[in-house]
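Notes follow once the structure below has been shown.
The values are calculated or read from the model by the stated rules, or taken from the named source; none is laboratory data. Keep in mind it's a predicted model, so treat the numbers as computed, not measured. All Cβ positions, even for glycine, are placed from backbone atoms using ideal geometry, and neighbour counts span all protein chains on display. Heads up: the accessible areas ignore ligands, DNA and RNA and are worked out on the full protein's heavy atoms, side chains in. Shrake-Rupley method; radii C 1.70, N 1.55, O 1.52, S 1.80 Å.
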Amino acid sequence: MQLAEAQSNKPQIIKTHVAIIGGGPSGLLLGQLLSKKGIDNIIVERVSGEYVLGRIRAGILEQGLVSLLEEAGVSERMKCEGQVHNGFDIGYYGKKFHIDIKALTGGSTVMCYGQTEVTRDLMEARAASGLTTYYESSDVALHEVTTDTPYVTFTNNGQQMRIECDYIAGCDGFHGVSRQTIPEDKRTEHERVYPFGWLGLLSDTPPVADELIYCKTERGFALASMRSPTRSRYYIQVPLSDKVEDWSDEAFWEELKRRLPEDYAKRLVTGPSIEKSIAPLRSFVCEPMQWGNLFLVGDAAHIVPPTGAKGLNLAASDVATLYRLLTKAYQEGDKRAPERYSEIALRRVWHGERYSWWLSNMLHDFDEGQVGGMEKATFDSFMRSELDFYLNHYEGQQVIARQYVGMPYEDIA
Ligand code: FAS
Ligand code: PHB
């Protein structure tokens, strides 16, 4: 064996406090916050940074996430370019209801600022901090996570690598390796796969309204969102059997017009799509969210249908909990603090899961014969009446608004 080959097969060993698997928003935000507390960390990411930025995902940030980005020192551009939203509309079979979240919650609002931009800001801050990220890594594997000396092995640029650390944060999304590291008989996975998907379109056209519009119609769900005053993000519910190539831009715009309230449909500005994709919808929770010194964060532990704009925001509350507990361990010597992560994180995760499942049931058209153990027509009638009640009562609108802005983060005493 050549010397060079022998060297590349001999793992290069690096040490850090926390090894972070995944360089999406969860991993990047956790890394930035830990670094601010003097807790060293390394990110191992499977794809390139450009590929991560190419994913078009979430658009609504809860106040909790906005505050975390401020704490991480990466909120400047968001404050300049993001748009504070005080409410949103719900179109209900052509009727329009305005949910004034600011009035209904005593002042809370949400920030409209794309996940792509959050990720870009975090990447730039990480690079500026000189923190290490190994992009385009393969064969990532987690080892001895239930001991005090866990480690991560992977291949990067042909070199075998080994990170020796105190803790591993599994921020590697739904298809990552971290959740699989928890023995199957030690984890419980809850799942609901929805019988439809969201066909999303991004266009450099002015948004049809200043705030979001969620639509429930006989033809199915639609959502009008945005990324800036010149860039719009739209979604329509489609059958799972649809393929994105089945949908021309023109067909998309025509269907969206049929689902928007009439006054919005009339003023919709259409244009060429710059991105178009179909996302499947599922509710998913893995319990527990930790195993020894491995902690699952964000989509690695849970998935929500995007109806309630909770996916990215639940990832953020996981990060908030984990970083504060790890800070107690390193700065206060409270080595048992991280043991509380899963219990605390799951309380807020289940709130977000139920809210997203509940809104999805009310706002979508279920075209499967049996839903919830009853005929589709019966389920539709129940859901139509439920949404009608919540929209037509102040207390009902308060319930919708309270969770849309996000439940408070638990104090970590
Ligand atoms: P992510 O999946 O974003 O990041 C995980 C990272 O880990 C990825 O970069 C991946 O490459 C990497 N990785 C995977 N396996 C690895 C391995 N073995 N080793 C190293 N790295 C590995 N949420 C909303 O609120 N609103 C929306 O509209 C919305 N739309 C969505 C559309 C789609 C198609 C998807 C998939 C999700 C959507 N979400 C939405 C949810 C989404 O925003 C997530 O909640 C958010 O990306 C969570 O961030 P992370 O936990 O960092 O996971
Ligand atoms: C988005 O802008 O992508 C978005 C906004 C709100 C949602 C889902 C997606 O509930």
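Among the numbered conditions (1) buried (at least 23 other Cβ atoms within 10 Å of the Cβ); (2) touching a Phe, Trp or Tyr at 6+ places or on another chain (Cβ under 9 Å), tell me where residue 187 comes up short.
In the conditions (1) buried (at least 23 other Cβ atoms within 10 Å of the Cβ); (2) touching a Phe, Trp or Tyr at 6+ places or on another chain (Cβ under 9 Å), residue 187 misses (1) alone.
Given the options 345, 329, name the one that is open to solvent by less than 20 Å² (accessible area, probe 1.4 Å), part of a helix (DSSP H, G or I) and within 13 Å of ligand 1 (Cβ to nearest atom).
Numbers: 329 fails: within 13 Å of ligand 1 (Cβ to nearest atom).
Selected residue: 345, the only one of 345, 329 that is open to solvent by less than 20 Å² (accessible area, probe 1.4 Å), part of a helix (DSSP H, G or I) and within 13 Å of ligand 1 (Cβ to nearest atom).
Among 273, 342, which is the only one that is within 15 Å of ligand 2 (Cβ to nearest atom), in contact (Cβ under 8 Å) with a residue 12 or more places away in the chain and among the hydroxyl-bearing types (Ser, Thr, Tyr)?
Only one candidate passes the filter, namely 273.
Here are some residues: 245, 218. Which one is touching a residue at least 40 places away in the same chain (Cβ under 8 Å), loosely packed, with under 12 Cβ neighbours inside 10 Å and of a type outside the set (Lys, Arg)?
The match here is 218.
Just to be sure I understand the filter: pairs with C-beta atoms under 8 Å, separated by 6 or more residues or on different chains, first member in segment 182-194 and farther than 28 Å from residue 150 by Cα, second member open to solvent by 80 Å² or more (accessible area, probe 1.4 Å) and not charged (D, E, K, R). Which pairs pass?
Final answer for the pair search is 192/357; 193/280; 194/280.
Here's a check for you: in segment 34-53, which residue that is open to solvent by 20 Å² or more (accessible area, probe 1.4 Å) and touching a residue at least 40 places away in the same chain (Cβ under 8 Å) is farthest from the chain's Cα centre (by Cα)?
Across segment 34-53, the extreme among qualifying residues is 38.
Quick check: is even one residue across segment 113-123 among the small types (Gly, Ala, Ser), buried (at least 17 other Cβ atoms within 10 Å of the Cβ), within 16 Å of ligand 2 (Cβ to nearest atom) and in a strand (DSSP E or B)?
Looking for residues that are among the small types (Gly, Ala, Ser), buried (at least 17 other Cβ atoms within 10 Å of the Cβ), within 16 Å of ligand 2 (Cβ to nearest atom) and in a strand (DSSP E or B), one finds none in segment 113-123, hence no.
I need a count of the residues in segment 44-67 that are within 10 Å of ligand 1 (Cβ to nearest atom) and part of a loop (DSSP other than H, G, I, E, B).
Residues flagged as within 10 Å of ligand 1 (Cβ to nearest atom) and part of a loop (DSSP other than H, G, I, E, B) within segment 44-67 amount to 10.
Filtering segment 228-247 down to residues that are of a type outside the set (Val, Ile, Thr) and in contact with a Phe, Trp or Tyr (Cβ under 8 Å, 6 or more places away or on another chain), which residue is farthest from residue 209 (Cα to Cα)? Explain how you work it out, then say what you get.
To start, the set of residues in segment 228-247 that are of a type outside the set (Val, Ile, Thr) comprises 228-229, 231-235, 237, 239-243, 245-247.
Imposing the further condition that a residue be in contact with a Phe, Trp or Tyr (Cβ under 8 Å, 6 or more places away or on another chain) reduces the set to 234-235, 237, 239-240.
Numbers: 234: 12, 235: 15, 237: 20, 239: 27, 240: 28 Å.
Applying the filter and picking the extreme gives 240.
Counting only residues that are part of a helix (DSSP H, G or I), open to solvent by 70 Å² or more (accessible area, probe 1.4 Å) and either at pLDDT below 95 or in contact with an Asp or Glu (Cβ under 9 Å, 6 or more places away or on another chain) (or both), how many does segment 68-106 have?
Residues flagged as part of a helix (DSSP H, G or I), open to solvent by 70 Å² or more (accessible area, probe 1.4 Å) and either at pLDDT below 95 or in contact with an Asp or Glu (Cβ under 9 Å, 6 or more places away or on another chain) (or both) within segment 68-106 amount to 3.
Within 21 Å of residue 89 (Cα to Cα), touching a residue at least 12 places away in the same chain (Cβ under 8 Å) and among the acidic types (Asp, Glu): does that describe residue 365?
Working: within 21 Å of residue 89 (Cα to Cα): yes; touching a residue at least 12 places away in the same chain (Cβ under 8 Å): yes; among the acidic types (Asp, Glu): yes.
Yes.
So residue 148 fits all but one of (1) among the acidic types (Asp, Glu); (2) loosely packed, with under 15 Cβ neighbours inside 10 Å; (3) not in a loop (DSSP other than H, G, I, E, B); what number is the exception?
(3)
Output the residues belonging to segment 248-282 that are open to solvent by less than 50 Å² (accessible area, probe 1.4 Å), hydrophobic (A, V, I, L, M, F, W, C) and either in a helix (DSSP H, G or I) or closer than 21 Å to residue 209 by Cα (or both).
251, 252, 253, 256, 260, 265, 268
Only residues in segment 284-313 that are open to solvent by less than 20 Å² (accessible area, probe 1.4 Å) count as the first member; pair them with residues that are of a type in the set (Ser, Thr, Tyr) and within 8 Å of ligand 1 (Cβ to nearest atom), Cβ under 8 angstrom, at least 6 apart or cross-chain, and list the lot.
Between residues of segment 284-313 that are open to solvent by less than 20 Å² (accessible area, probe 1.4 Å) and residues that are of a type in the set (Ser, Thr, Tyr) and within 8 Å of ligand 1 (Cβ to nearest atom), the close pairs are 294/178; 296/178; 297/26; 298/26; 300/26; 300/178.
Looking at segment 16-33, is at least one residue outside any loop (DSSP other than H, G, I, E, B) and open to solvent by 40 Å² or more (accessible area, probe 1.4 Å)?
No, the conditions are met nowhere in segment 16-33.
Does segment 303-319 hold any residues that are more than 16 Å from ligand 2 (Cβ to nearest atom) and either out of contact with any Ser or Thr (no Cβ under 9 Å at 6 or more places or on another chain) or over 17 Å from residue 408 (Cβ atoms) (or both), and which are they?
Correct list: 317 only.
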